[in-house]
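**Student:** If you scroll down you'll find the structure; I have some questions about it.
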Amino acid sequence: MTTVETYGTLADAARALGSDAVYLGGGTLVMREVNAGRAPARVLRVTDPGLAEIRASGDAASLGAGVTMADVLAARELDFLHPVARVIGGPQVRNMATVAGNLFAAHPYGDFAMALLALGARVHFAGGGSPRPVEEVLRDRERGGLVASVEVPRPRDPRAFGFLKVSRVKPKGVSILSIAALLPREGGRIRGARVAFGAMGPTPLRAAGAERALEGQTLDAATIARAADQAADGLDPPTDALATAWYRREVAGVHLSRLLQRMERG
Ligand SMILES: Cc1cc2nc3c(=O)[nH]c(=O)nc-3n(C[C@H](O)[C@H](O)[C@H](O)COP(=O)(O)OP(=O)(O)OC[C@H]3O[C@@H](n4cnc5c(N)ncnc54)[C@H](O)[C@@H]3O)c2cc1C
C-alpha cells in the first residue's frame, strides 16, 4: 500500500524523506511507478506555491523546482528555453512535468536537464547551502536531497544558445539524442563553449571533444566539421528500443553539425 504525505514546506519534506519514501514532483514518472506497484511505500508532496515561482533578473533566471514545462513556455523572459520545453512530451506531460523532476529522469529522458547543463545552471537544495553545478547533481543523483530551485544564466545574445532534439515520432517522441550548445562570442571568436548531449550516456553529458574543437575559433564550416568529428568523444551511448549505441555514435556528429550550421546562420 502507498501512503501520501503532504507537507507545507520543502524543508519539512526533506526531513521526512527516507529510503522508504519518494518525492512527488509533477508525478509523470513517479505515478507510473505507483500504478505499477513499484513505488516506495511513502509518497511525499509539498504544497508551497513558492516552488512554482519564476524570477528573472538581468543575466539570470531562477526556476522553482515545481515550475512546469508549460510554465516555462508561458514565461516570456525564458524565451531561450522555449524550444526545449516545447518538445518535452505532449501537452498533458508538459502541464505536469517539472524542472526538478527532469534532473532525475532516467535515460532517455532529461532533455531539459541537458539544456541546463549546456547553460551552466546551478541547483539550490532544501536547507540552503551553496548551489551546486547541474553537472555535479547529474553525476551524483542519489545524494543532495530535495531540489528547491535552479538558477539559469541567461545568454546575453540569444543566438549564442541552440537546441536540437532528434526523435522518431515528431514533435513529442522520446529522444534518440538531444543536443544543446552555448557558444558566446567575443570579437567573432567562441569563448566559453559548452556543448551537451542527452540520451548519449546514463545522464546528460558534456561533449568535451566538441567543446575543445570550438573554443577560441570562429564558427565557420571548418570549425563545425572539426567539432562534428569529435562529437561522440567521451560519451557513452546506450542501446535501447529506439537506437543502438553504434547508431547514436554514428549520427551524433551529423546532428551536431546541423545544429552548429543553424547557429552559424544566426
Ligand atoms: C508520455 C511521456 C513523455 C515524456 N517525454 C519526455 C521528453 O520528451 N523529454 C524528457 O526529458 N522527459 C520526458 N518525459 C519524462 C518526464 O515527464 C519529464 O522528465 C519530467 O520533467 C519529470 O518531471 P516530474 O515533475 O513529472 O517528475 P516526477 O515523476 O514527479 O519525479 C521524477 C523523479 O524526480 C524526483 N524529483 C522530483 N522533484 C524533485 C525535487 N524537487 N527534488 C529532488 N527530486 C525530485 C522524484 O522523486 C523522482 O525520483 C516523458 C514522460 C512521459 C510519461
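**Student:** Kindly write out, for the stretch 45-59 in residue order, the coupling ³J(HN,Hα) from the Karplus curve 6.51 cos²θ - 1.76 cosθ + 1.60 (θ = phi - 60°), rounded to whole Hz, with x marking Gly and Pro.
**Tutor:** Whole-Hz 3J(HN,Hα) from phi for the stretch 45-59: 10, 10, 9, 4, x, x, 5, 9, 7, 10, 10, 10, 10, x, 10.
**Student:** Additional query: Quick one, can you get me the convex hull of the C-alpha atoms of the stretch 19-109 expressed as volume per residue in Å³? Intermediate values should be presented prior to the final figure.
**Tutor:** On the way: hull volume 10.5 nm³, N = 91.
It comes to 115 Å³ per residue, whole-number rounded.
**Student:** Next up: For a footprinting-style exposure proxy, rank K170, K165 by other Cβ within 10 Å, fewest first.
**Tutor:** Working: K170 9, K165 26.
Going from sparsest to densest Cβ surroundings: K170, K165.
**Student:** Suppose only helical runs count, i.e. DSSP H with n ≥ 4. What mean residue ellipticity at 222 nm does that imply for the chain under -39500 (n - 2.57) per run, divided by all residues and rounded to the nearest 500 deg cm²/dmol? Numbers along the way, then the final one.
**Tutor:** Working: 11 runs with 86 residues, N = 266.
Result for the chain, helices only: -8500 deg cm²/dmol.
**Student:** If you stretched the chain out fully between D59 and D79, how much longer would it get, using 0.36 nm times the residue separation minus the C-alpha to C-alpha distance?
**Tutor:** Details: separation 20, 0.36 × 20 = 7.20 nm, distance 1.33 nm.
Here the segment from D59 to D79 would lengthen by 5.9 nm.
**Student:** Using the Karplus equation 6.51 cos²θ - 1.76 cosθ + 1.60 (θ = phi - 60°), what ³J(HN,Hα) coupling, rounded to whole Hz, does each residue of the stretch 67-83 give in order, writing x for Gly and Pro?
**Tutor:** Using θ = phi - 60°, the values come out as 5, 8, 4, 5, 4, 4, 5, 8, 9, 5, 6, 9, 4, 5, 9, 4, x Hz.
**Student:** Translational diffusion coefficient of the stretch 49-153 at 37 °C, 0.692 mPa s, Stokes-Einstein with Kirkwood Rh over Cα pairs, in µm²/s as a whole number.
**Tutor:** Values: Rh = 13.5 Å.
Answer from the Stokes-Einstein relation: 243 µm²/s.
**Student:** Contour minus end-to-end for E142 and A52, with contour as 0.36 nm per residue of separation and end-to-end as the Cα-Cα distance? Don't skip to the answer; put the middle values down first.
**Tutor:** Details: separation 90, 0.36 × 90 = 32.40 nm, distance 2.33 nm.
Working it through step by step, the gained length comes to 30.1 nm.
**Student:** Something else about it: Please order I176, I88 by the number of other Cβ within 10 Å, starting at the fewest.
**Tutor:** I176, I88
**Student:** Please state the equivalent ellipsoid semi-axes for the stretch 3-46: what are the square roots of 5 times the Cα gyration tensor eigenvalues, largest first, in whole Å? Show your work: numbers first, answer last.
**Tutor:** Values: eigenvalues 64, 24, 10 Å².
One finds semi-axes of 18, 11, 7 Å for the stretch 3-46.
**Student:** For the chain, what is the Kirkwood estimate of the hydrodynamic radius, computed as the reciprocal of the mean inverse distance between distinct Cα atoms, to one decimal in Å?
**Tutor:** Numbers: mean 1/r = 0.0528 Å⁻¹.
Taking every pair of different Cα atoms in the chain, averaging 1/r and inverting gives 19.0 Å.
**Student:** Between the stretch 151-172 and the stretch 187-266, how far is it from one alpha carbon centroid to the other, in angstrom?
**Tutor:** 14 Å
**Student:** Tell me, what HN-Hα J-couplings in whole Hz come from the Karplus equation 6.51 cos²θ - 1.76 cosθ + 1.60 at θ = phi - 60° for each residue of the stretch 136-147, using x for Gly and Pro?
**Tutor:** Those phi angles translate into 5, 5, 5, 5, 10, 5, 6, 10, x, x, 8, 6 Hz.
**Student:** Which one, A113, G128, G198, is farthest towards the positive end of the dipole of the stretch 61-217 when Lys and Arg carry +1 and Asp and Glu -1 on their Cβ?
**Tutor:** Ranked along the dipole, the leading option is G198.
**Student:** Would you mind ranking Y109, Y247 so that the residue whose beta carbon has the fewest other beta carbons within 10 Å leads the list?
**Tutor:** On the way: Y109 23, Y247 14.
Fewest to most other Cβ atoms nearby, the residues stand as Y247, Y109.
**Student:** Moving on to the next point. Once label points are set 7 Å from the Cα along Cα→Cβ at both E250 and A36, what is their separation, rounded to one decimal in nm?
**Tutor:** Each label point is offset 7 Å from its Cα along the Cβ direction, giving 2.9 nm.
**Student:** Same structure again: Could you tell me how many degrees, from 0 to 90 and to the nearest 10, lie between the Cα long axis of helix 245-265 and the main elongation axis, the longest principal axis, of the Cα atoms of the chain?
**Tutor:** Computed tilt is about 70 degrees.
**Student:** For the residue pair R212 and A241, what label-to-label distance in nm results when each label sits 7 Å from Cα along the Cα-to-beta-carbon direction?
**Tutor:** The modelled label-to-label distance comes out at 3.8 nm.
Just so you know, all these numbers are worked out from the coordinates, no wet-lab data involved. In this text, all values refer to a predicted model and were calculated from it rather than measured experimentally. As a convention, Cβ positions derive from the backbone with ideal geometry for all residues, glycine included, and neighbour counts pool all protein chains shown.
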